[in-house]
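Read the figures in this text as sums done on the coordinates, not as results from a lab. This structure is a prediction, so every number in the text was calculated from the model and none was measured. Counting neighbours? That spans all protein chains shown, and the Cβs are built from the backbone with ideal geometry, glycine included.
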Amino acid sequence: MTHIQAGDATTGDAAGFAVCADADRLRRFAAAIGETTPLYVDEDAARRAGYRSLPLPPSFLFGLALEPGEPFPWFASVGLDLPRVLHGEQTFTYHAVPCAGDRLHVQPRISAIYDKPERGLRFVVRDIRITSELGAPVADLHSIFIQPDAARDPAPPKAAASAASSATAAEVREEPQSASVWHGELRLPPITRATLAQFATASGDLNPIHLDPEFACSVGFDDVFAQGMLSMAYLGRLLTSRVPQERLRQFRVRFTGRTLLGEAPVCTGTALQIDDSQAQRITLRVTNQAGEERLAGEAVVSAPR
């Protein structure tokens with residue numbers, strides 16, 4: 001395995017930028033993922049729940065932090081080719097709940113690049129710090145992108161997780177299980193082209209591999225397939241239906257398969273009490289209607305104050 005540490009010519013801090021999500025965009029995002037909870041679509045309901053305005057859903061910051069213009073313009077600077085790149089893992093660590101109208105500062109950093117020649121894979125780790133206008137921490141995003149060799153099958157590698165990840169989805173599932181605090185399930189309708197287009201517009205992720213059948217076929221796929229972040233957004237719906245968003249401390253997933261057109265995602269979550277407090281660890285999974293896994297991960301929820 002070859003490894004490039006942060007600080008080499010191809011890594012380090014990129015230019016930061018400011019972003020702001022308005023309420024209309026948040027409503028479009030809610031519509032794209034089927035979210036109807038009043039506090040995510042009705043500003044009066046959000047204020048009654050204690051928020052300044054509509055809260056940004058748990059996974060929304062990924063799209064908000066995308067640079068304007070072409071999808072993932074920084075890929076070329078680290079040797080990644082957009083059609084071949086797989087989103088391997090995504091982690092959010094939360095310090096505050098941002099709301100519509102908040103002006104946020106986004107500071108990206110490529111923290112590591114490493115190759116595993118024996119598996120024909122290149123890994124790029126990108127971290128993003130998001131702060132408020134006054135510099136207070138809002139969230140940290142940790143993304144792992146994977147590029148197989150051109151000669152390899154574009155399907156997600158079975159062992160896509162990075163060694164830098166603190167816990168893989170498999171480890172989460174194998175932990176000793178105590179009595180669950182709750183178990184929840186969210187079933188979604190079949191994925192259509194309209195589903196993907198609506199989510200792309202609302203999230204800001206305009207990668208053509210999810211939108212353009214000709215492009216998808218030109219790089220070895222049979223057709224377009226769903227954005228991994230769409231499934232993560234569905235899981236966010238499940239989480240916030242069970243726990244207040246301000247108690248969500250971490251939300252991380254590993255993308256283990258592609259969700260194809262016509263598949264109907266099934267999201268499940270099982271909350272376990274971490275200790276004698278009311279803090280919870282929630283194991284998460286998304287499958288298709290046949291039970292084939294597409295995503296796995298976990299969330300950590302703090303005890304009530």
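Positive end of the charge dipole of the chain (Lys, Arg +1 and Asp, Glu -1 on Cβ, about the Cα centre): tell me which of Tyr40, Met229, Phe199 has its Cα farthest that way. Highest projection toward the positive end goes to Tyr40.
Calculated on the alpha-carbon coordinates, the convex hull of the chain measures out at 136 cubic angstrom per residue. Which of Ile209, Trp182, Gly220 sits closest to the plus end of the dipole of the range 165-305, meaning its Cα is farthest towards the positive end, when Lys and Arg get +1 and Asp and Glu get -1 on the C-beta? It is Trp182. With contributions of -39500 (n - 2.57) from each DSSP H run of at least four residues, the per-residue ellipticity at 222 nm computed over the chain stands at -5000 deg cm²/dmol. Go ahead and set up a Gaussian network model of the chain, Cα springs under 10 Å, then flag whichever of Leu239, Leu82, Leu248 fluctuates most. Checking each option, the largest mean-square fluctuation is seen for Leu82. Kirkwood's formula applied to the C-alpha pairs of the range 165-305 gives a hydrodynamic radius of 16.0 angstrom.
On the beta carbon distance between Glu293 and Glu133, with R0 = 35 Å, the FRET formula returns roughly 0.30. Under the simplified labelling scheme, the Asp276-Ala14 pair shows an inter-label distance of 4.7 nm, with each label point 7 Å from Cα along Cα→Cβ.
Structure remark: mean-square fluctuation, Gaussian network model of the chain, C-alpha springs under 10 Å; the largest value among Ala23, Ala45, Ala233 belongs to Ala45. Dipole size of the range 165-305 about its Cα centre, with +1 on Lys/Arg Cβ and -1 on Asp/Glu Cβ: approximately 460 debye, rounded to the nearest 20.
Evaluated with a Cβ-only charge set (Lys, Arg +1; Asp, Glu -1), the chain carries a dipole of roughly 520 debye about its Cα centre, given to the nearest 20.
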